[in-house]
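Enquirer: What follows is a single structure, and I will ask about it in a moment.
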Amino acid sequence: MDDVIILAGGKCPPDLAEASGSEWRADLAVNGKTMLSTVRDAVESWGEPLVIGGPQGIAPRQVPAGNSFVESLRIGMESTTGISVLMATVDLPFLTKESIQDFLAAAPGDADLAYPIVPAAVCERDFPTLKRTTLTLKEGKFTGGNIALLNREAVLKNLHILERAYEARKNPLELARIVGVGTLARLVVGKFFPAVLPIAKLESAVGRTLGFKVRAVITEHSGIGTDIDSLEQWRTVQAMVSF
């Protein structure tokens, strides 16, 4: 792995900003540390990360964010060098060095995008009061992580497809056109019949859509998929860590 980027361009919603006193998610304090500090500590073994966005001057390596997730990702890829880049979002207050080590060790070497998925039962065990979005597949119910190992060249080559898929994420009809009606239908049916869509089929469908090889990495590290972006989540976590 050649470089690390942290996407830190997100601001807190107004109610969270007012309650926490933090305009930026990067500055949001959890258990006595800002979320940026936690994420930087987790990735520092792989070099000083490039921080994309956030308050000016919060990191030795920093560039302004774009106007969207994909634009910020593009800036990150264009501002780094080498073949593979580890990406993490800034809103991960429980990310650890050990979780990243295990993810990188399990990530297939031939993947253009290796993405961690966490069994929902693990998240419910570790953070029982936090709500999360899950996806039911043949192998079980999972929640997505907020880090990824990316092939820099492949991502830059296919950013236009990534942008289209990201914009369609909340539009089922457009999403069906992109990933295929059959795949989307099996995901929906999978909410009721879990054996419908295996991980390998989803990897293949997403890979065809994005134009590169995608691999999911199952991890037992719940902190990889536990982010904070709302006042309710922040208060829930603050109550948990105060004990």
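The values are calculated or read from the model by the stated rules, or taken from the named source; none is laboratory data. Source: prediction; values computed, not measured. Positions of Cβ are backbone-derived with ideal geometry, glycine not excepted, and every protein chain shown enters the neighbour counts. When the accessible area is computed, the model is the full protein with side chains, heavy atoms only, and any ligands, DNA or RNA have been set aside. Shrake-Rupley method; radii C 1.70, N 1.55, O 1.52, S 1.80 Å.
Enquirer: Starting from region 112-141, keep only residues that are without any contact (Cβ under 8 Å) to a residue 60 or more places away in the chain, then list their pairs with residues that are surrounded by fewer than 16 Cβ atoms within 10 Å (Cβ to Cβ) and assigned to a loop (DSSP other than H, G, I, E, B) whose Cβ atoms are within a distance under 9 Å, requiring at least 6 positions of separation or different chains.
Expert: Leu135/Lys191; Thr136/Lys191; Thr136/Phe192; Thr136/Phe193; Thr136/Pro194; Gly140/Pro194; Lys141/Pro194
Enquirer: Here's something else I'd like to know. Return the only residue of Ala59, Ala19 being in contact with a Lys or Arg (Cβ under 9 Å, 6 or more places away or on another chain) and under 13 Å from Gly9 (Cβ atoms).
Expert: Ala59
Enquirer: Of all residues in region 210-232, how many are outside any strand (DSSP E or B), among the small types (Gly, Ala, Ser) and within 19 Å of Glu139 (Cβ to Cβ)?
Expert: Total satisfying the criteria: 2.
Enquirer: Hey, could you check region 96-111 for residues that are among the acidic types (Asp, Glu) and modelled with pLDDT of 95 or more and say which is nearest to Ser45 (Cα to Cα)?
Expert: Filtering first and then ranking leaves Glu98.
Enquirer: Please work out which one of (1) open to solvent by less than 60 Å² (accessible area, probe 1.4 Å); (2) on the phi > 0 side of the Ramachandran plot is the condition Gly57 fails and give its number.
Expert: So the condition that Gly57 fails would be (1).
Enquirer: Within region 1-10, track down each residue that is at pLDDT 95 or above and either farther than 15 Å from Val63 by Cβ or part of a loop (DSSP other than H, G, I, E, B) (or both).
Expert: Ala8
Enquirer: Out of region 60-70, which residues are open to solvent by less than 70 Å² (accessible area, probe 1.4 Å) and in contact with a helix residue (DSSP H, G or I) (Cβ under 8 Å, 6 or more places away or on another chain)?
Expert: Answer for region 60-70, where residues must be open to solvent by less than 70 Å² (accessible area, probe 1.4 Å) and in contact with a helix residue (DSSP H, G or I) (Cβ under 8 Å, 6 or more places away or on another chain): Val63, Ala65, Gly66, Ser68, Val70.
Enquirer: Within the group Trp46, Trp24, which residue is surrounded by 15 or more Cβ atoms within 10 Å (Cβ to Cβ), of a type in the set (A, V, I, L, M, F, W, C) and more than 22 Å from Leu156 (Cβ to Cβ)?
Expert: Criteria check complete, one pass: Trp24.
Enquirer: May I ask you to list the residues in region 120-146 that are in contact with a helix residue (DSSP H, G or I) (Cβ under 6 Å, 6 or more places away or on another chain) and among the aliphatic types (A, V, I, L, M)?
Expert: The answer is Val122, Leu130, Leu137.
Enquirer: Tell me, which residue of region 11-35 that is of a type in the set (A, V, I, L, M) and in a helix (DSSP H, G or I) is farthest from Gln56 (Cα to Cα)?
Expert: The qualifying residue farthest from Gln56 (Cα to Cα) is Ala19.
Enquirer: Pick out the one residue from Ser79, Ser37, Ser45, Ser84 that is more than 28 Å from Ser20 (Cα to Cα), polar (S, T, N, Q) and out of contact with any helix residue (DSSP H, G or I) (no Cβ under 8 Å at 6 or more places or on another chain).
Expert: On inspection, the qualifying residue turns out to be Ser79.
Enquirer: Output yes when any residue across region 75-95 is assigned to a loop (DSSP other than H, G, I, E, B), surrounded by 14 or more Cβ atoms within 10 Å (Cβ to Cβ) and either more than 15 Å from the chain's Cα centre (by Cα) or free of Cβ contacts under 8 Å to residues at least 60 places away in the same chain (or both), and no when none is.
Expert: Scanning region 75-95, I find at least one residue that is assigned to a loop (DSSP other than H, G, I, E, B), surrounded by 14 or more Cβ atoms within 10 Å (Cβ to Cβ) and either more than 15 Å from the chain's Cα centre (by Cα) or free of Cβ contacts under 8 Å to residues at least 60 places away in the same chain (or both), so the answer is yes.
Enquirer: Kindly establish whether Ala29 is modelled with pLDDT of 95 or more, of a type in the set (A, V, I, L, M) and in contact with a Ser or Thr (Cβ under 9 Å, 6 or more places away or on another chain).
Expert: Spelling it out, it is not the case that Ala29 is modelled with pLDDT of 95 or more, of a type in the set (A, V, I, L, M) and in contact with a Ser or Thr (Cβ under 9 Å, 6 or more places away or on another chain).
Enquirer: Collect the residues in region 123-163 that are more than 17 Å from the chain's Cα centre (by Cα), of a type in the set (Asp, Glu), more than 13 Å from Gly225 (Cα to Cα) and in a helix (DSSP H, G or I), keeping them in residue-number order.
Expert: Glu153
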